[in-house]
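First comes the structure, then the notes that go with it.
The values are calculated or read from the model by the stated rules, or taken from the named source; none is laboratory data. Just so it is clear, the structure is predicted and the values come from calculations on it, not from any experiment. Ideal geometry is used to build each Cβ from the backbone, glycine not excepted, and the neighbour counts take in all protein chains shown.
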Amino acid sequence: MPTHEQFSLSTLSDVMEVALEGVGPDLARRGHRMIVHLVDSATDTGRDLSPVADVIADVLECASLYSLTKRNLVHVVFEDDHVVMTVRDPVPDCGGPLARQLTETQGDRISCCSAVTERGAEVVVRLQVPVSKLESDDSWARNGVPACVPDWRQESRHRATVARPLLRERAAQ
């Protein structure tokens, strides 16, 4: 079975599917519930998100370990050249230890901050996504501005996922 390193993960749907494949069984075994909200999940980011898939899995795992209620709300969005994750837990005491643990384990791969809100603890994690080969290839740019990726090349970068058919079905409704 191919690993995620063999595929270009260019959508949040792709990368979250890989991350949840890794941590999902452990979350289920411990009875942890995690609601994940992906913004524009099927939109091609133009970047290969594979390098951050393991970091996202670590964020999800740590969030589940530090949650006293065994439930988290996770909001994920791709902004500019970062994947931004907001992890919310109903218990205010969870944010600080989670942010410290993530900073210790991930070092300079992430920026992380925590806050206490009226809804509990909130930890915001920003992951820089490296520039992909396509973006750094000057032959695809004019006047220093990256050109659009031709449709045939964009389609070949996708892989079939479980989430993508479900997203198409929801969009049609």
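Only one residue in ALA99, ALA63 is touching a Ser or Thr at 6+ places or on another chain (Cβ under 6 Å), of a type in the set (A, V, I, L, M) and assigned to a helix (DSSP H, G or I). Which one?
ALA99
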Exactly one of VAL87, VAL77, VAL83 is touching a strand residue (DSSP E or B) at 6+ places or on another chain (Cβ under 7 Å) and either closer than 17 Å to ARG119 by Cα or modelled with pLDDT under 90 (or both), and that residue is VAL87
Reported set for region 83-98 where residues are within 17 Å of the chain's Cα centre (by Cα) and surrounded by fewer than 23 Cβ atoms within 10 Å (Cβ to Cβ) is VAL84, THR86, ARG88
A careful count of residues in region 23-50 that are surrounded by fewer than 18 Cβ atoms within 10 Å (Cβ to Cβ) and in a helix (DSSP H, G or I) gives 5
Within region 1-43, residues among the small types (Gly, Ala, Ser), out of contact with any Ser or Thr (no Cβ under 6 Å at 6 or more places or on another chain), modelled with pLDDT of 90 or more and closer than 15 Å to PHE78 by Cβ come out as ALA19
